[in-house]
Amino acid sequence: MRVSVIGCGYLGAVHAAAMADLGHEVIAVDVDAEKVAALSAGNPPFFEPGLPEILTSSLASGRLRFTTDISEVAGSELHFIAVGTPQSDDSGAADIRFVDAAIDALLPNLGPTDVVVGKSTVPVGTAQRLAERLLSAGSSATLAWNPEFLREGFAVKDTLSPDRLVFGVAEGAGHQHALAALREVYATAISAGTPVVETDLATAELVKTAANAFLATKISFINAMSEIAEATGANVTELADAIGYDTRIGRRFLNAGVGFGGGCLPKDIRAFSARAEELGLGSSVAFLGEVDAINLRQRERVIARVIADAGGDAVDLKVAVLGLAFKPQSDDVRDSPALDVARGLAVAGAQVTAYDPQAMGPAQRRFPDLNVAENVQQALLDADIAVLVTEWPEFVQLDPRNVGDLMAHKRIVDARNVLDPAQWRAAGFHYSSLGRP
């Protein structure tokens, strides 16, 4: 099929390359000429495993092109809207100006049977408003909503082999045509057994925000339990193992630690709460405010733990911060707990040296005064204490004996609960984590 992708950020670039990898002819559009040039040269402006390979092969095949000229999308059968919906500057609500701008730019280039497919995460009710916008402008194109469920670090796999596909289309003219087009563009995944949920626009919008709200709640729940565990001498990891055997609960996303971050979960639960308030239903999701508060409190707990374990005085304390991205296999530092811990320790007076395999450039753009190391050994050299805040494999696999030889004092705070306490203590370390004795 011939498809267009509007927006070449994280979502759009991955989606465009994946669609081309599946054999479709893809034209991807962005207003940022520098980003378009980089992607056209096969250089994604962010780190995502597997993306450079499918980007390069799709460009070489001729099935994928990037442009700043939106008129080039004319003739495409489907137009995927993949622009950002960041948190508004003055509230928790989502800023959907870029979605509106994408629709307005598309309008002059739409054919009568085209399907406009929203992938951006938007407040429920946005899709219906956009469908009415198309209609009022005289377009007979159909609007559909196909939310994304990408995990950073696994985005290519999640696009090529999703665990489910959701197609939201309003009843009426174009309904069956839109569903048929969506089934065709995702034919490879569907033939491999991917479940498909066909629903209305509002439900499709809610699926993404509801999923992220549930996952955020699960993470904050186990972090709340880690606070109780610390106060009582219980072990939160063993607690999670025990309740995780209950199939109604499950073990995934029950890992206590410094909490969640990134460009989705934090902003999505805030936007969900803001939209509920607009609907007069704020009390229905009031618990999400505490979910957010627990998550942010974890960062303060880690900062306090580092200072306490090193003697109680942060001034001139040499701290090695291991990790800056919000999660491994990503260079994303948006709302990153790791970056907040590094910044918080520095503000308290500590001499922070940080290292991350991929995120040091993005981190320094957000925190220009951050002192970074060239490798993990340099970060650890002469440190009074280390704190592991992003569970990159190279940090998890560190040999405590080698680490101890580098540091001025053998102290480590495991803010992700991923290290073996016995192994580190046997090497002479003062080891502490969250919610474990």
For this session: Would you mind putting 349-356, 287-294 in packing order, based on average other-beta-carbon counts within 10 Å, highest first?
Result: 349-356, 287-294
Problem set entry | Per residue value of the accessible surface for the chain (all protein chains in place, 1.4 Å probe), Å² | 42 Å²
Problem set entry | Listed pairs Lys327/Lys410; Lys119/Lys327; Lys35/Lys267; Lys218/Lys410; Lys208/Lys318 exceeding 31 Å between Cα atoms | Lys218/Lys410; Lys208/Lys318
For this session: Compute the distance in nm between two label points, each set 7 Å from the Cα along the Cα-to-Cβ direction, one at Met1 and one at Arg129.
Result: 2.7 nm
Problem set entry | Inter-label distance, nm, simple model (7 Å from Cα along the C-beta direction), Phe287/Thr247 | 2.3 nm
Exercise. Which shape class applies to segment 297-437: rounded if a/c is under 1.5, otherwise prolate when a/b exceeds b/c and oblate if not, where a ≥ b ≥ c are the square roots of the Cα gyration tensor eigenvalues?
Worked result: rounded
Problem set entry | Of all accessible heavy-atom area on the chain, the percent that carbon and sulfur account for (1.4 Å) | 54 percent
Exercise. For the chain, list the DSSP H helices whose alpha carbon atoms reach 18 Å or more along the long axis and whose average Kyte-Doolittle value is 1.6 or above?
Worked result: none
Seminar exercise, completed: With +1 at each Lys and Arg Cβ and -1 at each Asp and Glu Cβ, the charge dipole magnitude of the chain around its Cα centre, to the nearest 20 debye, comes out at 580 debye
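Between Ala202 and Asp369, take the C-beta separation as r, use R0 = 30 Å, and let me know the FRET efficiency to the nearest 0.05.
Calculated transfer efficiency: 0.10.
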Problem set entry | With 10 Å bins from 0: P(r) over the chain, alpha-carbon pairs, percent | 4, 20, 28, 24, 16, 7, 2, 0
For this session: May I ask for the distance between the Cα centers of segment 318-344 and segment 218-272, given as a whole number of Å?
Result: 19 Å
Exercise. Sorted by mean Cβ packing within 10 Å, highest first, what order do the peptides 259-266, 43-50, 19-26 take?
Worked result: 259-266, 19-26, 43-50
Seminar exercise, completed: Scaled by the rule-of-thumb 2.2 N^0.38 Å, the alpha carbon Rg for segment 1-135 gives a ratio of 1.03
For this session: Using DSSP to define loop residues, name the GluC sites (Glu not before Pro) in segment 370-437 whose beta-carbon has at most 12 other beta-carbon atoms within 10 Å.
Result: Glu374
Problem set entry | Arg411 long-range amide H proximity, modeled H, under 5 Å | Ala386, His430
For this session: Specify the inter-centroid distance of segment 30-49 and segment 396-426, based on alpha-carbon positions, in whole Å.
Result: 38 Å
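The values are calculated or read from the model by the stated rules, or taken from the named source; none is laboratory data. Quick caveat: nothing in here was measured; it's all calculated off a predicted structure. All Cβ positions, even for glycine, are placed from backbone atoms using ideal geometry, and neighbour counts span all protein chains on display. Just the protein is used for accessible areas: all its heavy atoms, side chains included, with ligands, DNA and RNA removed. Shrake-Rupley method; radii C 1.70, N 1.55, O 1.52, S 1.80 Å.
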